[in-house]
1. Filtering segment 127-143 down to residues that are out of contact with any Cys (no Cβ under 6 Å at 6 or more places or on another chain) and assigned to a strand (DSSP E or B), which residue is farthest from ligand 1 (Cβ to nearest atom)?
2. So, in segment 111-128, exactly how many residues are closer than 19 Å to Gln152 by Cβ and within 14 Å of ligand 2 (Cβ to nearest atom)?
3. For segment 86-110, give me each residue that is within 15 Å of the chain's Cα centre (by Cα) and within 13 Å of ligand 2 (Cβ to nearest atom).
4. Filter segment 129-151 down to the residues that are away from ligand 2 (no atom under 11 Å from the Cβ) and free of Cβ contacts under 8 Å to residues at least 12 places away in the same chain, then identify the one that is nearest to Val28 (Cα to Cα).
5. From the list Lys104, Lys108, Lys130, exactly one residue is over 29 Å from Arg12 (Cα atoms) and touching a helix residue (DSSP H, G or I) at 6+ places or on another chain (Cβ under 9 Å). Which is it?
Amino acid sequence: MSKKTLRVSKIRNGTVIDHIMRGHALDVIKILGINGRSGGVVTIAMNVPSEKLGLKDIVKVEGRELNPEEVDKIALLAPHATINIIRNYKVVEKQRVKLPHVIKGIVKCVNPTCISNSEEPIKSIFYVEKEEPLRLRCHYCGHIMEKEDILQQF
Ligand code: CTP
Ligand code: ZN
């Protein structure tokens, strides 16, 4: 980024999702349920030069602080992102997202006959077999889920 000017302006209140792997900003938008038809200002920056990542994406969501469940969802698709909570222009909280080895209850198994989809609700459990590209294996039926299966649920 140029030292003279900021490419995207600082925000007053909200969440900055930084260090998103290049090409994943739109996945993050989708997983947060942002469609531009409601809510506050959302800024998406793609292919921003970064010392650590080469090129990175950034998403700034004004007027909204992400909750832990939303942070967990982001970890699925942007496992190296940093979540910054901004209040009155200051970063009051900075959190590196982390993809756990076992994912419980965030996504549903796409296999309709999986026991986790039966009428008695059972919490879904997946094992992370691969981070990039994402590969999850259902604890109950062994079904393999990929990024597209997860994005379809949001
Ligand atoms: N940011 C913002 N508005 C603010 C404060 C910060 O949009 N009022 C953004 C910054 O542009 C940056 C991110 O939030 O993309 C994190 O800010 P900061 O911690 O100040 O930057 P760095 O120290 O570069 O962050 P890191 O160490 O995580 O790389
Ligand atoms: Zn299953």
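Just so it is clear, none of the values below were taken in a lab; they were calculated from the coordinates. Treat the numbers as computed from the prediction; the structure is a model and nothing was measured. In this analysis, Cβ positions are derived from the backbone assuming ideal geometry, glycine residues included, and neighbour counts consider all displayed protein chains.
1. Per the stated criteria, the residue is Arg137.
2. So the count comes out to 8.
3. Across segment 86-110, the qualifying residues are Ile103, Val107.
4. Step by step, filter segment 129-151, then rank; the result is Glu148.
5. Lys108
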